[in-house]
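Take a look at the structure below.
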Amino acid sequence: MRRVRDRIDREHALPLDVEALARGVHMSSGHLSRRFKAAFGEAPYSYLMTRRVERAMALLRRGDTSVTEACFTVGFSSLGTFSKRFAELVGMPPSDYRDRAATHPLDLPTCVVKVASRPVRNREAPPLGPA
């Protein structure tokens with residue numbers, strides 16, 4: 001399962017699906033999904049989406065990437081899907097996140113920002129109050 005997770009981490013920007021991941025480890029897609037979820041707590045597709053959003057957050061925090069560029073750079077093929085998934089995991093649309101990061105930069109090491117701003121699964125993003 002670590003090989004599958006490592007492949008997702010390495011190839012998140014490529015067109016990946018559970019079928020392709022399963023073929024790579026000689027399993028059926030259903031079996032891979034069950035084993036991956038048992039090992040890591042979420043399905044492979046959810047893990048891929050979380051990684052893509054996490055990478056997009058880092059690009060948007062830098063401030064030199066548009067939302068559209070971030071969307072396609074991290075592997076989404078649809079801006080609408082990207083925006084919806086981003087808002088579900090982060091609690092705000094990507095454009096708002098980029099604007100907020102520009103006006104409220106964090107003076108913390110990147111590793112701390114990455115941990116503190118990790119996307120949350122299953123619509124569990126906390127509501128944001130006034131900045």
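The HN-Hα couplings worked out from phi for the stretch 73-83 by the Karplus form 6.51 cos²θ - 1.76 cosθ + 1.60 (θ = phi - 60°) are 5, 8, x, 6, 9, 9, 5, x, 5, 4, 4 Hz, whole numbers, x standing for Gly and Pro.
A simple count of charges around Met1, restricted to other residues whose Cβ falls under 13 Å of its Cβ and scoring Lys, Arg +1 and Asp, Glu -1, yields +4.
Across the stretch 35-42, coupling constants 3J(HN,Hα) worked out from phi with the 6.51/-1.76/1.60 Karplus curve, θ = phi - 60°, read 5, 5, 5, 5, 7, 10, x, 8 Hz, and Gly and Pro carry x.
By definition, a body whose alpha carbon gyration tensor gives a ≥ b ≥ c is oblate when a/c is 1.5 or more and a/b is not larger than b/c, and the stretch 2-44 fits this oblate description.
Summing charges over neighbours of Ala70, with a neighbour being any other residue whose Cβ is under 12 Å away from its Cβ, gives +2 when K and R count +1 and D and E count -1.
Values quoted throughout were computed directly from the atomic coordinates according to the rules given, and no laboratory measurement underlies them. Since the structure is predicted, the reported quantities are computational estimates derived from the model, not experimental observations. With ideal geometry, Cβ positions are generated from the backbone for all residues, glycine too; neighbour counts draw on all protein chains shown.
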